[in-house]
1. Return A:271, A:134, B:269 ranked ascending by Cβ neighbour count within 10 Å, so the fewest neighbours appear first.
2. Peptides A:88-100, B:103-115: what's the order by average Cβ count within 10 Å, highest mean first?
3. Would you mind classifying region A:204-357 by shape? Square roots of the alpha carbon gyration tensor eigenvalues, ordered a ≥ b ≥ c; an a/c under 1.5 is rounded, otherwise it is prolate if a/b is larger than b/c and oblate if not.
4. Report the FRET efficiency, 1/(1 + (r/R0)^6), for residue B:334 and residue B:546, where r is their Cβ-Cβ distance and R0 is 35 Å, rounded to 0.05.
5. How far, in degrees from 0 to 90, does helix A:58-72 lean away from the longest principal axis of the Cα atoms of chain A, to the nearest 10?
6. Of A:161, A:301, A:132, which is the most mobile in a GNM of chain A whose springs link Cα atoms less than 10 angstrom apart?
7. Specify the inter-centroid distance of region A:246-284 and region B:450-480, based on alpha-carbon positions, in whole Å.
8. Would you tell me the mean number of C-beta atoms belonging to other protein chains that fall within 10 Å of each C-beta in B:231-238, as a whole number?
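Only the coordinates and a few stated rules stand behind these numbers; no lab work does. From a predicted model like this one, the values you see are computed outputs, not experimental measurements. Counting neighbours? That spans all protein chains shown, and the Cβs are built from the backbone with ideal geometry, glycine included.
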């Protein structure tokens, strides 16, 4: 049984192994994941600690920050919290902010922060090489570092995957009384609908969302885990979740009776969101901030994203852990994730009108 | 001759009271600032804001208001019924187990609403053990009520909030003793009639104070309702902010919430403004000894509530805890634990001291106009409790960054120093945030305590020429002890459970257990949240036990 514990243990081993090698230069470069130069690192280190405001939870980032400090000697201070208050704080602090880096778990908030003029554009060859262009801000104000795919899951014993095809199709009569969804208040659903609006227009998207609501087997849930458990228990047959929630269930119980289907492979590709980061406009240590983000896009930390939370590395040269790789390759929606932020308010209002709670 | 003497005494008091009044205005200003900042957001009404308001009216505002009203009525009824009946049983009756239940029924205070919510849902939803078992016995068609509806939310909130009413009503019943009931019975009233016409009205300030706390917390709640995805007015605040990226509309909605609470509190206060509730401290007296069926009923009710509100959730959490403790526990938990305790302790002292100043100043002699002003300012400064935590946190951040700015600009222009802001992100700011948030929690028990103090004792002390400070120390404080202790403890426990303000305002490295719970539940990792939850509940028992010890000292003999 492959448990999260073992993932942690694995990470621990990696850390131990690397620290033994600390005498030799720890910067192992491969062609596909260039690393920043050591002069840049020196610049960064001279400026003191890097301060991060993060809505990614501590247990998911701390191991990477620890590794960064170990490797570079640059200290990281971080404040985790909810995105709304973090951005409000960043904005209120203005020029005097403590934050050098803003880390968020969806593109929408990064887009808002950039839209309010809270972020600084950075020009980085490393990031341009490591992160595909649809996963970063066209102006370079933020960069995706891990990919969260939101796709269809189904009950293995009651659904033939041949019946499944796309998000749009889940609105059809076939799924009447068989669909489970998480609340529309969750930003992942806002992003999904926002990119659908971008692709299909408001009218068609609203018809689809209304179809979903009609097809619901139960009131919408407050978490992806509840959706998965409802499918497993037989309350419904299909649902939409971020893949890593299913990954966690499978890591605990390989017999978990729910399987994953990559949505929209014949059309637009599966919807992806990012967790990502950018340098704040009034950063005190912009060199350190830039260096940290560049470092996070390289081989080892990218692997840790996958190990710690079963997400996909944003850097295509890095492979996900075996449990995730077992779901196979899939085509990502190539629409730039900034659309998720730009269309989010429109999406929220649309879901209200469709009575998707 | 007599008249001039009493005039002399009166003038002596009013002149002696001014430092207290100044102090109270200062306290009120500090606490009021973040609340006022929320109201200033009405200055921003552009096209975007208008569009959102229009959208709210067109789509869901009526549903949200309806839900909120149902929730308020349901929780209000639930906590009053449970709180008052249990308090009555445990303070003036005698039945098997009473000595245990008297304090045991306070324990649910230590359980945060959001924790109760995810335990409840985990146990009772379709995929949970209860429904799964029922299905395996009776087949798939077995009926089960909606576990995400209004009823479920009301039950959960009632179970976590009734202790407010219970504690305050209990101390009132203990103080009023049995004489009042006996007088009624001697005059020929039935037991129930005497209870409703005498015992309840005299305890009304305390009951209403507890009810006000429970309902303000219900209005401010986001954590509990969001577990059930049950939409309330507060949900709309977060939708506007997180979904539509419009903090101005969120603050405008929040200010309406505050206005509503302020009006309700004022009306309630007006309706009993004429009445005086002071009374003699009761002498030791005889309790009602319940026998046979009645005794069993009383024990049974107390046991049921104790099981549902405390033992059951604790057991479930412990079970989850056993599964995860090995991977979840690390050295840092001790840090979380001490941070939680430390913050609770500091904030409880500060908030109670502030509340004491506010409540005491109301007792000082003053001209009528001044009194009206004072009581209004004092009322408004307790409103922070009805604000959703994150919204209040933003109010605090905005006002503190403004103060920081002022101070830094001054120092920079005077001394040419370039320094970092020191208010935001400091321990001081966080404690002030708690004061703003929990002022009502400390104020209500103190206010209720003051109202029960017999004015003739105070008059006597005044006529002997005591200064306001001495009056407070030597006359009020000893009589206020139960109320004071209740205030300290409830703030302590509430601060330990507080999440949104702690999350955004905590200084670097000051993670608490509540923060840890958030980090897990935000990722849907409820099982992993069980370790910090259990620790938080067990820690919350310490102050509750302290309260119980102090309550013992003031209890009537049986």
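1. B:269, A:134, A:271
2. B:103-115, A:88-100
3. oblate
4. Step by step, r from the Cβ atoms, then E = 0.95.
5. Approximately 30 degrees, to the nearest ten.
6. A:161
7. So the separation of the two Cα centres works out to 66 Å.
8. The shielding value for this peptide is 1.
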